[in-house]
Amino acid sequence: MTHGNLWKNILFYSIPLVLTNLLQLLFNIADVAIVGKFAGSISLGAVGSTTLLVVLTTGWLIGISSGVNAVVAFFAGANDPEHEHRAVQTGLLLCLAAGLFTMLLGLLAGAPMLRLLGTKDELITEATLYLKIYLLGSPALALYNYGNAVLSAVGETKKPLIYLSVAGVINILLNLFFVIVLGMRSDGVAYASIIAQYISAVLILFALFRAEGAHRLERKIPAYDRNSAARILKIGIPAALQYSLFAVANLFVQSAVNSFDHVIVEGNSAAMNFDSVVYESMAAFYVATTGFIAQNYGAGKRDRVRKTYAITTVYSFGLAFVLGLIAFRFRAPLLGLFTNDAEVVAAGSIRLNVLCFSWCLSAFMDNATAACRGLGKTLVPTAIVLMGTIVFRIVWIYTVFAHFGTLSSLYLLYGCAFVITGIFQNIYYFRLYRKTFGGHETPREVTV
């Protein structure tokens, strides 16, 4: 991360992350595809109705692990093995606690939230059952994200890909067995998902126990270090809040979608899977942004910090642009992977027609946020996201969408929010960059 050609190093670092993120997403996509094909449109709508709540609850896990990633990467770049080791040990305890908290919160509040969202009566029973079973895997998801964060912080992105590949194959096979052979519905795919999640968690923790270097896990109860926890949570809590804010903002969008009939709801659920594919692919470059910037920040290499941000922005924008063109061109057959209902395909196409050309715009917003995280700052970027996602989207829904009342007018809010938020996020990042380095190679501590 701190030497060599950045274009090549970032690309080779990120490709396994792209595949890892897509495989992790495959857990839920396999659920939706198999349920839609073999259990019917009601089960498809039930699973799809839980998507935003799953993102909301697991957002905390992703956020805390991103704090671990940034702190471990910083100390690795600064060649400080003692503090790196403390951060790794403390991060395990924090992530496990976050996983247990997420599971309990989801189990207690999941059903009321589904009703608050206006989930259709014909979907609510099955959606509640799926959500409760799925959230039992939250501790495993937290531990896998933790292990992935530690390994990627020190430049190792291939092992998480291998472990998730194994779990992904098992997940799909179990999906088919539970649904086709045993005749289960959404509960079957939920059980398949959590079994696969626990397998991936065990594999990645085993790798950390066998690792060489400061990021190795000790074969005893991890020691808790207050200073390491403070650094991780300083980055992780705002990051977790930011991830969850996207879900909260989308809850308002889902509520607006739920005002249409169940065909529109099911089409929207199918099309949302492609949003996830694109965003998770782009997220690999955001992890690279945070890791490369944090390591070079720790090493005091100002020029590589600047170049990293530019390169990862180009990569993430270009990837989303290409994927958007593919999704637009083949939207009907792609949606056909999730449903046999032509009306549901038509409803999902409305979303893809708009979102295909909006995905790439999110690169400017999210990459600037990841760069700030690499420099140890997340509070202000989170506030910017709060204004640009939740506040802006709520205003849009109650003004523009309320006036036109069409799906297209609803979906246009995504692109507009990306542009506005991206502008302010980049202004803040470049100010932070200048204050951090102050025109010199050696960075300095800043409080903005």
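Condition check ((1) crowded, with 24+ Cβ neighbours inside 10 Å; (2) among the acidic types (D, E); (3) within 26 Å of I232 (Cα to Cα)) across all residues:
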| residue | (1), (2), (3) |
| --- | --- |
| L334 | no, no, no |
| S349 | no, no, no |
| F357 | no, no, no |
| A363 | yes, no, yes |
| D366 | yes, yes, yes |
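Any idea which residue in region 77-93 is nearest to A142 (Cα to Cα), counting only those that are touching a Ser or Thr at 6+ places or on another chain (Cβ under 9 Å) and among the hydrophobic types (A, V, I, L, M, F, W, C)? Residue satisfying both the conditions and the ranking: V88. If the condition is being open to solvent by 20 Å² or more (accessible area, probe 1.4 Å), more than 22 Å from T125 (Cα to Cα), in a helix (DSSP H, G or I) and not hydrophobic (A, V, I, L, M, F, W, C), then region 175-211 contributes only Y198. Of all residues in region 265-288, those that are under 23 Å from S152 (Cβ atoms) have Cβ atoms under 7 Å from Cβ atoms of residues that are β-branched (V, I, T), 6 or more apart or on another chain, in S281/V18; A284/V18; F285/T312; A288/I10; A288/T312. For region 42-56, the set of residues classified as in a helix (DSSP H, G or I) and open to solvent by less than 20 Å² (accessible area, probe 1.4 Å) consists of S43, L44, G45, A46, V47, G48, S49, L52, L53, V54, listed by residue number. Looking across region 247-258, the residues that are closer than 20 Å to L407 by Cβ and assigned to a helix (DSSP H, G or I) come down to A249, N250, L251, F252, V253, Q254, S255, A256, V257.
Given the structure, is K120 of a type in the set (K, R) and either touching a Leu at 6+ places or on another chain (Cβ under 7 Å) or at pLDDT below 85 (or both)? Outline the logic, then answer.
Numbers: of a type in the set (K, R): yes; either touching a Leu at 6+ places or on another chain (Cβ under 7 Å) or at pLDDT below 85 (or both): yes.
It is true that K120 is of a type in the set (K, R) and either touching a Leu at 6+ places or on another chain (Cβ under 7 Å) or at pLDDT below 85 (or both).
Go through the residues of region 378-395 one by one and say whether even a single one is assigned to a helix (DSSP H, G or I), farther than 27 Å from L17 by Cβ and open to solvent by less than 30 Å² (accessible area, probe 1.4 Å). Looking for residues that are assigned to a helix (DSSP H, G or I), farther than 27 Å from L17 by Cβ and open to solvent by less than 30 Å² (accessible area, probe 1.4 Å), one finds at least one in region 378-395, hence yes. Among the candidates N79, N21, N69, the residue that is polar (S, T, N, Q) and not in a helix (DSSP H, G or I) is uniquely N79. Taking each residue of region 58-83 that is in contact (Cβ under 8 Å) with a residue 12 or more places away in the chain and looking for partners that are among the basic types (K, R) and in a helix (DSSP H, G or I) with beta-carbon atoms closer than 7 Å, six or more apart or interchain, yields S66/R373; A70/R373; V71/R231. Within the span defined as region 78-88, one or more residues are at pLDDT below 90, touching a Gly at 6+ places or on another chain (Cβ under 8 Å), open to solvent by 30 Å² or more (accessible area, probe 1.4 Å) and of a type in the set (A, V, I, L, M).
Beta carbons closer than 9 Å, at least 6 apart along the sequence or on distinct chains, pair a first residue in region 303-320 that is farther than 15 Å from A284 by Cβ with a second that is open to solvent by 10 Å² or more (accessible area, probe 1.4 Å) and not in a helix (DSSP H, G or I) for D303/E441; R304/M1; R304/T2; R304/H3; V305/P443.
Limited to region 281-322, what total is found for residues that are of a type in the set (A, V, I, L, M), closer than 17 Å to N69 by Cβ and open to solvent by less than 20 Å² (accessible area, probe 1.4 Å)? So that I can check it myself, show each step before the final result.
First, pick out the residues of region 281-322 that are of a type in the set (A, V, I, L, M): 282-284, 287-288, 293-294, 299, 305, 310-311, 314, 319-320, 322.
Checking which are closer than 17 Å to N69 by Cβ leaves us with 282-284, 287-288, 293-294, 299, 305.
Of the ones still in play, those that are also open to solvent by less than 20 Å² (accessible area, probe 1.4 Å) are 282, 284, 288, 293-294, 305.
Here the count works out to 6.
The values are calculated or read from the model by the stated rules, or taken from the named source; none is laboratory data. Remember, predicted model here, so these are calculated numbers, not experimental data. We place every Cβ from the backbone using ideal geometry, glycine too, and count neighbours over all the protein chains shown. We work out accessible area using only protein heavy atoms, side chains counted, and drop any ligands, DNA or RNA first. Shrake-Rupley method; radii C 1.70, N 1.55, O 1.52, S 1.80 Å.
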